[in-house]
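The structure appears below as structure tokens.
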Amino acid sequence: MRAIFLILFSTLAASAAQAADLSVAVSDNAGKPVQFAVVTWTPSGGATIPAAMKSASYVMAQKNVQFTPFVLAVPVGATVSFPNQDRVNHHVYSFSPTMPFQLPLYGKGQTRTVTFTKAGTDALGCNIHDSMSAYVRIVSTPYFATTAADGKIVLKGLPEGAGSLKVWHPLMDAPDHETVRAFTAGKANAPQAFSVKVRARMTQNGSY
């Protein structure tokens, strides 16, 4: 029994030693932090998305006649809730080829859901309010995060090995709105920084 415990402990310790976090900072050409950039790391051989990650809670709300958050990153297979927290009705839709859908008119306190089964991007709109826009970014790796107002994220527990590090933003001035670099994860990962060109975002009240 003791031998089995020691083997299990050694295996867990080895697994922990082979995984390390990675800090990434995203800024624009003027050095200002970029919010809502989705950062992913994908191992060269691909990665399995845990069932618990797929079944986690993902929410794209309608509040103050806008979508929140502006960008929501989810893994392939995740179900996203679209609650209406406004006093007015909304009709949420996406014509994006990744996952087109329609959520016909529904009112305050009501929720609709969509399960995203294909990696890519869904641009969202509202048939009633043309100023409403947002994006769901569907990723095929468990190693992803969305930058906060400071433009920074931490990817947790990257296993050792070669892979690709990608930054995507819906307003990035680049092919497919993304930039990619090769990155080999190790036992200790040096922080990574990206400088990208991002167009200004017009909000509902007309400010940038």
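So the values come out like this:
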{"quantity": "Set ALA193, ALA145, ALA200: member being closer than 26 Å to THR115 by Cβ and either over 14 Å from the mean Cα position of the chain (by Cα) or not assigned by TED's automatic domain parsing to the domain that holds TYR58 (or both)", "calculated": "ALA145"}
{"quantity": "Region 117-130 - residue that is part of a loop (DSSP other than H, G, I, E, B) and touching a residue at least 24 places away in the same chain (Cβ under 8 Å) and, of those, nearest to TRP41 (Cα to Cα)", "calculated": "ALA119"}
{"quantity": "Qualifying residue in region 67-85 (condition: under 16 Å from ARG137 (Cβ atoms), buried (at least 17 other Cβ atoms within 10 Å of the Cβ), more than 15 Å from the chain's Cα centre (by Cα) and of a type outside the set (D, E, K, R))", "calculated": "yes"}
{"quantity": "Matching option when the condition is out of contact with any strand residue (DSSP E or B) (no Cβ under 7 Å at 6 or more places or on another chain) and either within 20 Å of SER57 (Cα to Cα) or of a type in the set (Lys, Arg) (or both), among THR117, THR121", "calculated": "THR117"}
{"quantity": "Region 131-162 - residue that is part of a strand (DSSP E or B) and of a type in the set (Gly, Ala, Ser) and, of those, surrounded by the most Cβ atoms within 10 Å (Cβ to Cβ)", "calculated": "ALA134"}
{"quantity": "LYS32 modelled with pLDDT of 95 or more, assigned by TED's automatic domain parsing to the domain that holds HIS177 and on the phi < 0 side of the Ramachandran plot", "calculated": "yes"}
{"quantity": "All positions within region 163-205 that are part of a strand (DSSP E or B), over 26 Å from ILE49 (Cα atoms) and not small (Gly, Ala, Ser)", "calculated": "MET172, VAL196, VAL198"}
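The values are calculated or read from the model by the stated rules, or taken from the named source; none is laboratory data. In this text the structure is predicted, and so the values were computed from the model without any measurement. Using ideal geometry, Cβ is built from the backbone for each residue, glycine included, and neighbour counts are taken over all protein chains shown.
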